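Read the figures in this text as sums done on the coordinates, not as results from a lab. No experiment lies behind these values; they were computed from the predicted model shown. Quick reminder, even Gly has a Cβ in these numbers, built from the backbone with ideal geometry, and neighbours come from all protein chains shown.
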Amino acid sequence: MNERKALALIPARGGSKRFPRKNIELLCGRPLIAWTIQPALKSGVFDQVYVSSEDDEILTLAGQWGATPLPRDPRLSGDHVTLVMMLPYLLAEFQAVKKGYTDLYLLLPTSPMRRPQSIRDAWKRYLSSGADSLMSVIHTDHPPQWVLTEQNGWLKPMMPEMYEVPRQELPPAYCHDGGHLITRISGFLRDGRILNERTISYEVPREEAVDINESLDLAWAEFTLNRRKDSKID
């Protein structure tokens, strides 16, 4: 099969210890999850956008905002179940390969600032590169070589040999912002990895790299949206 077809998947479980029910919290009058569904639909990259959840309220809201609900076994929604652990079961149950999907495009609902154009750009970069995976990133504000840890009550550099190296002499470092993850379905089902040896980066604008993990993050996202020329999903 030469034609590439992306499966848009928004994994949105109902539980969260740090920020309970965050996926349905309101952001500028809309549920948080709508800020991921709508740009994905407007991007024109996908035939459908699927929301996977064990939570009936999230699935109902997903349908109201134009996504296709994909009920998930509650056993695949616990605090210790990672994406990599959950995805093989979901892809097999959904029969993604039989339905013609070649690539998986994961859109985390905790990243509400991404725009349709960013989705189009990331997909185009991924296809043109010949890579097996793409991960969106931002530059880290604090070099990982300067991270401290605590041992027996005393602060210690995690990387002592690099701790006093000037910033300009350190290699650039990035972190995943949560906005875009793309991988070949066949490769993932074979190896069980998204970040593999043939993963390229997609650097997102800083204003899109907002990851909602607690209520303060949501307040910052609302402040940022209100400072835009408009707060529409365009």
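Footprinting exposure proxy ranking of 176, 139, 80, fewest other C-beta atoms within 10 angstrom first, gives 80, 139, 176. For the chain, the mean residue ellipticity at 222 nm estimated from helices alone is -8500 deg cm²/dmol, where every DSSP H run of n ≥ 4 contributes -39500 (n - 2.57) and the total is divided by all residues, rounded to the nearest 500. Binning the C-alpha pair distances of segment 1-75 at 10 Å intervals from 0 yields a P(r) profile of 20, 50, 24, 6, 1 %, listed from the shortest bin outward. State whether segment 145-212 is rounded, prolate or oblate according to the following rule on the C-alpha gyration tensor (a ≥ b ≥ c being the square roots of its eigenvalues): a/c under 1.5 gives rounded; otherwise a/b larger than b/c gives prolate, and the remaining case gives oblate. The shape class here is prolate.
Within segment 46-122, the trypsin sites (Lys or Arg not before Pro) that combine a DSSP coil assignment with at most 14 other C-beta atoms in a 10 angstrom radius are 98, 99. Given (1) 16.3, 46; (2) 18.7, 58; (3) 19.7, 72 as candidate values of Rg and Dmax of the Cα atoms in Å, which corresponds to the one derived from the coordinates? This structure yields the entry labelled (2). Think of segment 1-131 as a dipole: +1 on every Lys or Arg Cβ, -1 on every Asp or Glu Cβ, centred on the Cα centre; then among 31, 113, 6, 113 lies furthest on the positive end. If both residues of a DSSP beta bridge must be in the chain, then about 50% of such bridges are antiparallel.
Overall shape of segment 79-152 was characterised from the C-alpha gyration tensor. The equivalent ellipsoid obtained from it has semi-axes of 30, 21, 13 Å, in decreasing order. How would segment 143-184 be classified by its alpha-carbon gyration tensor: rounded, prolate or oblate, with rounded meaning a/c under 1.5 and the a/b versus b/c comparison settling the rest? It comes out oblate by the Cα gyration axes.
With a/c under 1.5 counting as rounded, go ahead and sort segment 1-133 into rounded, prolate or oblate using the C-alpha gyration tensor (a ≥ b ≥ c being the square roots of the eigenvalues; past the cut-off, prolate if a/b is larger than b/c, else oblate). Oblate.
Net charge dipole, the chain: roughly 660 debye, given to the nearest 20, about the Cα centre with Cβ charges of +1 for Lys and Arg and -1 for Asp and Glu.
Structure remark: mean-square fluctuation, Gaussian network model of the chain, C-alpha springs under 10 Å; the largest value among 103, 177, 121 belongs to 121. Taking the average, over residues, of other Cβ atoms within 10 Å as the packing measure, peptides 154-160, 35-41, 131-137 rank 35-41, 131-137, 154-160 from highest down. Excluding the sites themselves, what is the longest stretch of the chain that contains no GluC sites (Glu not before Pro) in a DSSP loop with at most 10 other C-beta atoms within 10 Å? With a cap of 10 other Cβ atoms within 10 Å, the longest stretch comes to 4-163.
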